[in-house]
Amino acid sequence: MRNIIVLALAVSGLFVAVGPMRAAVQYPLSLTLDAQMKAGETTVNSKVTIQVDRAMENVRRTRVTDALKFGGYQNFLNALRAVPSVGSIRTQSTKVDVRYTREDQDGATTRLLLVADQPLSFLSANPTKGKVGFELTLADLTIAANGAVTGKLAAAARVRPAPDGGVLLDTYADQLIDLKGQVAKQ
């Protein structure tokens, strides 16, 4: 049974109208976040480091989102892999390149969506679950005005257009990883 999570607000940022965005995040951005994943009675705690050197250019963002919207997941992957890396997400043992960023401001908070074209890890209670097609890492962060960071991480995922125009996120793990931390004062 596949675990499909509908993140209407979280991943729908892929299809938000592309236009000039105010840059509330100061680049380069370097975060070391506490990561926590719960599976049944088991809780795993770790650190995730996110480095974003710059925001993605609007023209490239439009090309990538249009590939998903009009061509599906494989075309999205091809378009995503063709754009240059703008940062990375890493754990102690694995590093993936961030190729997609989307930043949106909502009052005093900023939402930052990051997508890498490779999975960070395959965490699941079911060791026989197939890994084919779970080729993305997706981080959805909320940064408050005081620098507090919260968010969710899908360490292995795939996306597809939803019938209502949104995006469906299909994750390898049964639950998303919780992220929490603070933007370092500059």
State yes or no: is D106 surrounded by 15 or more Cβ atoms within 10 Å (Cβ to Cβ) and without any contact (Cβ under 8 Å) to a residue 24 or more places away in the chain?
no
Quick one: count up the residues across the stretch 63-93 that are polar (S, T, N, Q) and surrounded by 14 or more Cβ atoms within 10 Å (Cβ to Cβ).
4
Has the stretch 134-146 got any residue that is more than 20 Å from G181 (Cα to Cα) and in contact with a strand residue (DSSP E or B) (Cβ under 6 Å, 6 or more places away or on another chain)?
yes
For a quick check of your reading: which strands (runs of 3 or more DSSP E) sit entirely within the stretch 79-186 and have at least 3 residues that are more than 14 Å from the chain's Cα centre (by Cα) and aromatic (F, W, Y)?
none
Given the criteria in contact with a strand residue (DSSP E or B) (Cβ under 7 Å, 6 or more places away or on another chain), farther than 30 Å from P163 by Cβ and of a type in the set (K, R), does R111 qualify?
no
Here are V96, V48, V44, V52: which of them is closer than 18 Å to K152 by Cα and at pLDDT below 95?
V44
With the requirement that a residue be without any contact (Cβ under 8 Å) to a residue 12 or more places away in the chain, exposed (fewer than 13 other Cβ atoms within 10 Å of the Cβ) and of a type outside the set (A, V, I, L, M, F, W, C), what does the stretch 43-62 give you?
T43, N45
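The values are calculated or read from the model by the stated rules, or taken from the named source; none is laboratory data. This is a predicted model, so every value here is computed, not measured. FYI the Cβ positions are ideal-geometry reconstructions off the backbone, even for glycines, and counts take in every protein chain you see.
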